[in-house]
Amino acid sequence: MGVFKPKFITFDCYGTLINFDMAGAASRRFADRVPADVMPAFIRDFSSYRLDEVLGAWKPYYDVVSQALQRACRKWGVDWQPADTDYIYSDCATWGPHPDVPEGLAVLAKEFPLVLLTNSMKDLIPHHIPRLGAPIHMAITAEETGAYKPHMQGFEYMLNKLGCGPEEILHVSSSLRYDLMTADDLGITHKVFVNRGHEPGNPGYRYTEINGINELPAVVGM
């Protein structure tokens, strides 16, 4: 069997392509209120609560961040103010790509349309697309689909909008819990796990593992 050539390469954006530094933003903001030895656990809880917040009905990502932050603060007995959410959400717009991303995407874009399926907002994603270093064929946000990953709705919306089946794309993500588990359930057979070290893998979900986007062209025979 030859190398699979997808109709589209689809990507998670934050964490996979953009260096998702929610932990850094929260650490800076709460350095005066959360002891250094507690901060790692505080950050883990903030992350876990964000996942829990996106599992319900869609709401603006600002509210996802705010509710998760308030829950972490309540658990650890830390004072929260609306300005804390404002600081962290504003910091999101400043983030740039992982170092391996622009070169890898630029190579891929010569042969494949690149698509983003992102848990983002229509007013947030434009800050990040120009930093990726390659033309993006289509960017689909959770705001557009009305659901956050790991819900299936966003993937189904994307496939319908692209006019192709799950077996015709290659989906790339650094997260099993947000992306690759759902992709597998939907019959997306061609998947790549970018091991950024922020989430463990599980080979049972049948993916190719790489360490950076610069390794992705080889996966598709470039």
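The values are calculated or read from the model by the stated rules, or taken from the named source; none is laboratory data. Keep in mind that this is a model prediction, so the values were computed, not measured. Here Cβ is always computed from backbone atoms with ideal geometry, including for glycine, and neighbour counts include all displayed protein chains. The protein model used for the area step is the full one, side chains on, heavy atoms only, and it has no ligands, DNA or RNA in it. Shrake-Rupley method; radii C 1.70, N 1.55, O 1.52, S 1.80 Å.
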Going through (1) part of a helix (DSSP H, G or I); (2) in contact with a strand residue (DSSP E or B) (Cβ under 7 Å, 6 or more places away or on another chain) one by one, ARG50 fails only at (2)
Count of region 1-47 residues which are outside any helix (DSSP H, G or I), closer than 17 Å to THR85 by Cα and of a type outside the set (Gly, Ala, Ser):
6
What number of residues within region 189-222 are part of a loop (DSSP other than H, G, I, E, B), more than 18 Å from the chain's Cα centre (by Cα) and free of Cβ contacts under 8 Å to residues at least 60 places away in the same chain?
2
Based on this model, can you work out whether ARG44 counts as touching a helix residue (DSSP H, G or I) at 6+ places or on another chain (Cβ under 6 Å), modelled with pLDDT of 95 or more and open to solvent by 40 Å² or more (accessible area, probe 1.4 Å)?
no
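Does ILE125 meet the test of being open to solvent by 20 Å² or more (accessible area, probe 1.4 Å), closer than 22 Å to GLY212 by Cα, outside the structural domain of VAL65 (by the TED database) and among the β-branched types (Val, Ile, Thr)?
Values: open to solvent by 20 Å² or more (accessible area, probe 1.4 Å): no; closer than 22 Å to GLY212 by Cα: yes; outside the structural domain of VAL65 (by the TED database): yes; among the β-branched types (Val, Ile, Thr): yes.
No, not satisfied.
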Give me the pairs: first residue in region 78-107 and among the small types (Gly, Ala, Ser), second residue open to solvent by 30 Å² or more (accessible area, probe 1.4 Å), beta-carbon distance under 7 Å, and six or more apart or on different chains, which are they?
ALA93/HIS127; GLY96/ASN19; GLY96/ARG131; GLY104/ASN214; ALA106/GLY133
Among the residues in region 166-181, are any of a type outside the set (Ser, Thr, Tyr), closer than 19 Å to GLY2 by Cβ and in a loop (DSSP other than H, G, I, E, B)?
no
All positions within region 165-222 that are touching a helix residue (DSSP H, G or I) at 6+ places or on another chain (Cβ under 9 Å), open to solvent by less than 60 Å² (accessible area, probe 1.4 Å) and basic (Lys, Arg):
LYS191
